[in-house]
1. Calculate what fraction, in whole %, of the accessible area of the chain sits on carbon and sulfur atoms when a 1.4 Å probe is rolled over the protein chains.
2. Return the sequence-ordered ³J(HN,Hα) values of the range 48-61 in whole Hz as given by the Karplus equation 6.51 cos²θ - 1.76 cosθ + 1.60 applied to θ = phi - 60°, using x for Gly and Pro.
3. Past the 23 Å Cα-Cα mark, which pairs from Lys23/Lys72; Lys31/Lys56; Lys23/Lys49?
4. Could you give each residue of the range 10-26 its phi-based ³J(HN,Hα) in whole Hz, using Karplus coefficients 6.51, -1.76, 1.60 with θ = phi - 60°, and x for Gly or Pro?
5. Could you state the accessible area per residue of the range 1-59 in Å², with a 1.4 Å probe and every protein chain left in place?
6. Starting from the coordinates of the alpha-carbon atoms of the chain, obtain the Kirkwood hydrodynamic radius over all distinct pairs and give the value in Å to one decimal.
7. Per-residue ellipticity at 222 nm for the chain, helices alone: DSSP H runs ≥ 4 residues times -39500 (n - 2.57), over residue total, nearest 500 deg cm²/dmol?
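The values are calculated or read from the model by the stated rules, or taken from the named source; none is laboratory data. Nothing here was measured: the structure is a model prediction, and the numbers come from that model. These accessible areas exclude ligands, DNA and RNA; they are computed on the full protein's heavy atoms, side chains included. Shrake-Rupley method; radii C 1.70, N 1.55, O 1.52, S 1.80 Å.
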Amino acid sequence: MAYELVKTKNISKTFGKVQALDKISITVHEKEIVGLVGDNGAGKSTLIKILSGTLKADSGEFYFKNKHVTIKNPKD
């Protein structure tokens, strides 16, 4: 059975009064291929920028290989 490679819990992000992400939780397992799709303005790019460390989430938790991590910048 494949283990959880990346997991997010309740990721939220706002830009002023615009709620870009509202409590997004995802899990990607080892060797899994995932497509991220949605309408324009749905928050796809915002989520990827947060996962890559380009943007900071307002709230939520990140896990990598079942260990809690903090993503502050792209190096993380």
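1. Working: 3040 of 5730 Å².
Accessible surface attributable to carbon and sulfur in the chain totals 53 percent.
2. Along the range 48-61, the couplings run 5, 5, 5, 5, 8, x, 6, 10, 9, 5, 6, 7, x, 10 Hz.
3. Flagged as over cut-off: Lys31/Lys56.
4. For the range 10-26, the Karplus-derived couplings read 6, 6, 10, 8, 10, 10, x, 8, 8, 8, 7, 9, 10, 6, 7, 10, 9 Hz, x marking Gly and Pro.
5. Numbers: 4220 Å² over 59 residues.
Accessible surface, normalised per residue, equals 71 Å².
6. On the way: mean 1/r = 0.0772 Å⁻¹.
Hydrodynamic radius (Kirkwood, Cα pairs) of the chain is 13.0 Å.
7. So the calculated ellipticity at 222 nm is -3000 deg cm²/dmol.
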